[in-house]
Amino acid sequence: MSLVKKDEWWEETRNFKKTVKEEYLDINETLAELENNSSVIRLELNTIELPLFSKDPKRIKNQIKVYHFKTDKSSYLEIEAPANYSIPGEFEERVFIALLKIFKKSGYSSTFYCKASDILDNMNVANEKTKKALYPKVKQAISKLTTTTFKFKNLFYSNALQDVMDDLIETNILTYRLLSFKEALGDEKEYFSDKRIKEIYRISVSSHFYDNIIKKGYLVFDADELLNIKDSITRSIYTMITK
């Protein structure tokens, strides 16, 4: 017997025309490990070596970006944001760095919790008026980080294998759920001990990236130094030359 009557639901179809932009890149791979102080974070190798965050300030909605690393197209990175959005860029990268700071403070638990204000604090945003203005942008950035699909073909470095995986890896960076007190389970309700808190992010690092961070497939950087570099291209060059 049907639990839901047909007249109680409906189907909606949305059509989006997506465009594809391709680029050819040549990137070398280097491994190292260094973690000395509390301001240092682990930055997963693929997020350093590969252009997961676009440097283009004029990103186009519904455009799939493909970066080729061989002329025969046998090695590539394809980035596809959700319908009606552009791929992650500079602001999403800054949010990601802030989340890595929180991730470290959680003891590298694959699932951790934070408020939007925690993210802005870790982005070194001090002005309360600026914080309030950035809340919607942070919310959208997290959504974009979790719903953008990354396809690595003969490209994704796995520390477990100590080599590049020679097949297609399709993944996102994070998954999340925005919890209210009513939706929180068990110990999660403790995050709402301050009655002013209305929402908490439950964030999980996707397994491919998490495994590399745990198994030393990462380099370490001072998060505050990275966030103080306002230009994303300069930040990318900094990570490449200081690794």
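Among the residues of segment 53-62, some residue qualifies, meaning at least one is in contact with a strand residue (DSSP E or B) (Cβ under 9 Å, 6 or more places away or on another chain) and more than 30 Å from ARG202 (Cβ to Cβ).
Whether any residue in segment 178-191 is under 27 Å from ASP211 (Cβ atoms) and of a type in the set (Ser, Thr, Tyr) is what I want to check. Even if it seems obvious, please write down each step before you answer.
Restricting attention to segment 178-191, the residues satisfying the condition of being under 27 Å from ASP211 (Cβ atoms) are 178-179, 185-188, 191.
Next, only the ones that are of a type in the set (Ser, Thr, Tyr) stay: 191.
Yes, segment 178-191 contains at least one residue that is under 27 Å from ASP211 (Cβ atoms) and of a type in the set (Ser, Thr, Tyr).
Each residue in segment 182-214 was checked for being among the hydrophobic types (A, V, I, L, M, F, W, C) and modelled with pLDDT of 95 or more, and 4 of them qualify. When restricted to residues that are of a type in the set (D, E, K, R) and open to solvent by less than 30 Å² (accessible area, probe 1.4 Å), segment 77-100 contains 3. For the structure I just gave you, tell me whether SER117 is part of a loop (DSSP other than H, G, I, E, B) and closer than 17 Å to TYR191 by Cβ. Judged against the criteria, SER117 is not a match.
Considering SER74, SER110, which residue is in contact with a helix residue (DSSP H, G or I) (Cβ under 8 Å, 6 or more places away or on another chain) and open to solvent by 30 Å² or more (accessible area, probe 1.4 Å)?
SER110
Residue count for segment 52-62 under the criterion of being farther than 14 Å from PHE91 by Cβ and either touching a residue at least 40 places away in the same chain (Cβ under 8 Å) or buried (at least 17 other Cβ atoms within 10 Å of the Cβ) (or both): the result is 2.
For ALA116, the test of being farther than 19 Å from LEU43 by Cα and either among the aromatic types (Phe, Trp, Tyr) or under 16 Å from the mean Cα position of the chain (by Cα) (or both) is passed. The listed residues are LEU178, LEU161, and the only one of them that is in contact with a strand residue (DSSP E or B) (Cβ under 8 Å, 6 or more places away or on another chain) and aliphatic (A, V, I, L, M) turns out to be LEU178. Within segment 48-96, being more than 23 Å from ILE241 (Cβ to Cβ) and among the hydroxyl-bearing types (Ser, Thr, Tyr) holds for THR71, SER74, SER75, TYR76, TYR85, SER86. When LYS65 is tested against the conditions (1) out of contact with any Lys or Arg (no Cβ under 6 Å at 6 or more places or on another chain); (2) open to solvent by less than 40 Å² (accessible area, probe 1.4 Å); (3) under 25 Å from PRO136 (Cβ atoms), the lone failure is (1).
The values are calculated or read from the model by the stated rules, or taken from the named source; none is laboratory data. Since the model is a prediction, treat every value here as computed from it, not as a measurement. Methodologically, a virtual Cβ is constructed for each residue, glycine included, from the backbone with ideal geometry; neighbour enumeration extends over all protein chains shown. The protein model used for the area step is the full one, side chains on, heavy atoms only, and it has no ligands, DNA or RNA in it. Shrake-Rupley method; radii C 1.70, N 1.55, O 1.52, S 1.80 Å.
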